[in-house]
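Undergrad: Got a structure for you, questions after.
The values are calculated or read from the model by the stated rules, or taken from the named source; none is laboratory data. Just so you know, these numbers come straight off a predicted model, no measurement behind them. Cβ sites come from the backbone with ideal geometry, for glycine too, and all protein chains shown count toward neighbours.
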Amino acid sequence: MLLQFNFKNFKSFRDDTTLDLTATKISEFNNHVISISNERILPVASIFGANASGKSNVQEAFRYMSMYVINSLDYGDESDSKKKKSKFFRPTPFLFDNNSKTAESSFEVYFIDSEENGAKTYNYGFTIDSTGVREEWLNCKAKSARGNFKTIFYRHDDEYDFSGIPTKSQENLRIALEKETLIVSLGAKLKIAKLKFIRDWFINNDFADFGRPIENFFLSQLIPDGFAEDEKVRQKVVDYFATFDPSIIGFNVEVLKSDNDDEDEHLKIDAIHKMIDSEKTTSIPLQHESAGTLKMFAMYPMLEDVLSTGGVLFIDELNARLHPLLVRAFIITFLDPDINTKHAQLIFTSHDSWQLNGNILRRDEIWFAEKDLDGVSNLYSLADFVDEDGVKIRKDENYEKNYLLGKYGAIPSLSNFDMFKEE
């Protein structure tokens, strides 16, 4: 489970920023807290804020880190003309400051493995600038350890400490490592177990940005594994839809071949509905269903995946095209220990203040992103927020009302659209 994500100098976040999923000592909803070893961890974090406040950039920072870990083997200086640079090669720093626009960006996670696997805690991170990786580190602490983390490796420019890596693998790393490549990525390729474990932890996380049209279209094309071949898989999706839209009672799936290429196949998916005046059924193309239905269909494979692996699911604009009660049901899935047996986590952004009412989320599960007059974003938790009198927020406050009144900040500063008034 993710304990903490730290980053700096990425897009609108110029300064050190922390998203902390460890539970504070507040008293509400103690059933949300998952205890592993000596850690108390939260399964959900929500981020609210005005448009252009930077809340989406929290997800983008974690996505950048994950994609760099997974893909950095593609980033070398090799002279292979077929090798293409990834768009994730360079991070986007804070550009409105002469110092930060040329400075390195940093990304760091703390996470803990399951009790079954020993409940070890890991600290991994790296700093990177336009020339490549400047620093990288991996530390580990055993469940029984009371002291500091033990170094697995540390890298600073061309200096390396591989003291926690098997001796026979150290030379291979030194020979093959390039400035743009992460040790974790290369180590996973070389089948070094400790490093492959870290790389795989990032692979088990997933992302969805429903506020970006291109990505929204791509997500709508995804289908669950085995959906075309296995009736049991399709029935499970029907059961999923039945929780919010019982009108869909099945799916017809047809494999179509392209006219131009016999090997190019695509699926034609129809949703089956009951006729209202007979016992018969009818079907319509899935893409003709509502935008909300298509979004829920797109989220099913990701939801199934993270629930089975115990990964982290980041969703930008979870509320878009969904009823607040449906959003609530989606959140509760991660809060229900009978469903979320692998301790998957949900981190989402939203404009829907209804989710702030005090009967679903703890104060430390509520975060706000706010951008100051210089364009610098800040991230802070409701549990840590103090009002103008220096008093922390009480658990019996109306979070939604106070947020919309501006008590917690992170709301847009608005004025009338006077430019449309007639002269």
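Undergrad: When the range 168-218 is examined, which residues are found to be in the same structural domain as Cys140 (by TED's automatic domain parsing), part of a helix (DSSP H, G or I) and without any contact (Cβ under 8 Å) to a residue 12 or more places away in the chain?
TA: Lys168, Gln170, Glu171, Ile175, Ala193, Lys196, Phe197
Undergrad: Further question on the same structure: Looking at the range 214-222, can you tell me whether even one residue there is modelled with pLDDT of 90 or more and aliphatic (A, V, I, L, M)?
TA: From the range 214-222, those modelled with pLDDT of 90 or more are none; that's our starting set.
Checking the range 214-222: not a single residue is modelled with pLDDT of 90 or more and aliphatic (A, V, I, L, M).
Undergrad: Only one of these conditions is not met by His343: (1) on the phi > 0 side of the Ramachandran plot; (2) more than 22 Å from the chain's Cα centre (by Cα); (3) not charged (D, E, K, R). Which number is it?
TA: (2)
Undergrad: Identify, by number, the condition in (1) over 14 Å from Ile272 (Cα atoms); (2) in contact (Cβ under 8 Å) with a residue 12 or more places away in the chain; (3) in contact with a helix residue (DSSP H, G or I) (Cβ under 8 Å, 6 or more places away or on another chain); (4) part of a loop (DSSP other than H, G, I, E, B) that Asp245 doesn't meet.
TA: Only one criterion in (1) over 14 Å from Ile272 (Cα atoms); (2) in contact (Cβ under 8 Å) with a residue 12 or more places away in the chain; (3) in contact with a helix residue (DSSP H, G or I) (Cβ under 8 Å, 6 or more places away or on another chain); (4) part of a loop (DSSP other than H, G, I, E, B) is unmet by Asp245, namely (1).
Undergrad: Moving to a separate point now. Here is a check on your reading of the model: is Leu379 modelled with pLDDT of 90 or more, within 20 Å of the chain's Cα centre (by Cα) and surrounded by 12 or more Cβ atoms within 10 Å (Cβ to Cβ)?
TA: Yes.
Undergrad: How many residues, within the range 313-360, are surrounded by 15 or more Cβ atoms within 10 Å (Cβ to Cβ), outside any loop (DSSP other than H, G, I, E, B) and of a type in the set (A, V, I, L, M)?
TA: Residues that pass the stated criteria total 9.
Undergrad: Now, a different point. Return yes when Ser66 is closer than 15 Å to Tyr124 by Cα, surrounded by 22 or more Cβ atoms within 10 Å (Cβ to Cβ) and not charged (D, E, K, R) and no when it is not.
TA: yes
Undergrad: Further, regarding this structure: Taking the range 9-18, which residues are in a strand (DSSP E or B) and either under 22 Å from Asp364 (Cβ atoms) or not assigned by TED's automatic domain parsing to the domain that holds Ile198 (or both)?
TA: Selection gives Phe13, Thr17, Thr18.
Undergrad: Could you tell me how many of the residues in the range 156-204 are within 30 Å of the chain's Cα centre (by Cα), among the charged types (D, E, K, R) and over 30 Å from Leu313 (Cβ atoms)?
TA: 3
Undergrad: Next up: From the list Glu388, Glu365, which residue is closer than 27 Å to Lys8 by Cβ and in the same structural domain as Asn98 (by TED's automatic domain parsing)?
TA: Glu365
Undergrad: With respect to Asp261, determine if the residue is modelled with pLDDT under 75, over 26 Å from the mean Cα position of the chain (by Cα) and over 19 Å from Met299 (Cβ atoms).
TA: So Asp261 fits the description; yes.
Undergrad: Moving on. Can you work out which of the residues in the range 398-423 that are touching a residue at least 24 places away in the same chain (Cβ under 8 Å) and in a helix (DSSP H, G or I) is surrounded by the fewest Cβ atoms within 10 Å (Cβ to Cβ)?
TA: So the residue we want is Leu404.
This table checks each residue for (1) touching a strand residue (DSSP E or B) at 6+ places or on another chain (Cβ under 9 Å); (2) assigned by TED's automatic domain parsing to the domain that holds Ser114; (3) at pLDDT below 90.
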site	(1), (2), (3)
Ala271	yes, no, no
Met275	yes, no, no
Thr282	yes, no, no
Ala291	no, no, yes
Met302	yes, no, no
Val306	yes, no, no
Leu318	yes, yes, no
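Undergrad: Restricting to the range 29-47, what's the tally of residues that are more than 21 Å from Asp338 (Cβ to Cβ) and either surrounded by 15 or more Cβ atoms within 10 Å (Cβ to Cβ) or at pLDDT 95 or above (or both)?
TA: Of the range 29-47, the ones more than 21 Å from Asp338 (Cβ to Cβ) are 37-39, 45-47.
After this cut, where a residue has to be either surrounded by 15 or more Cβ atoms within 10 Å (Cβ to Cβ) or at pLDDT 95 or above (or both) as well, the list is 37, 39, 45-47.
Final tally of qualifying residues: 5.
Undergrad: Test Ala228 against the criterion of being outside the structural domain of Gly118 (by TED's automatic domain parsing) and either closer than 30 Å to Gly125 by Cα or in contact (Cβ under 8 Å) with a residue 24 or more places away in the chain (or both), and give yes or no.
TA: Here the answer is yes, as Ala228 does meet what is asked.
Undergrad: Determine, yes or no, whether Ser105 is at pLDDT 95 or above, among the small types (Gly, Ala, Ser) and buried (at least 19 other Cβ atoms within 10 Å of the Cβ).
TA: yes
Undergrad: If you don't mind, there's one more thing I want to ask. What's the number of the only condition in (1) free of Cβ contacts under 8 Å to residues at least 12 places away in the same chain; (2) touching a helix residue (DSSP H, G or I) at 6+ places or on another chain (Cβ under 7 Å); (3) not small (Gly, Ala, Ser) that Asp270 fails to meet?
TA: (1)
Undergrad: A further question on this structure: When only residues in the range 172-216 that are within 17 Å of Tyr122 (Cα to Cα) and out of contact with any helix residue (DSSP H, G or I) (no Cβ under 8 Å at 6 or more places or on another chain) count, which is surrounded by the most Cβ atoms within 10 Å (Cβ to Cβ)?
TA: Selected residue: Trp201.
Undergrad: Do you know which residues across the range 91-121 are in a loop (DSSP other than H, G, I, E, B) and either over 30 Å from Lys150 (Cα atoms) or of a type in the set (Lys, Arg) (or both)?
TA: Selection gives Thr92, Pro93, Phe94, Leu95, Phe96, Asp97, Asn98, Asn99, Lys120.
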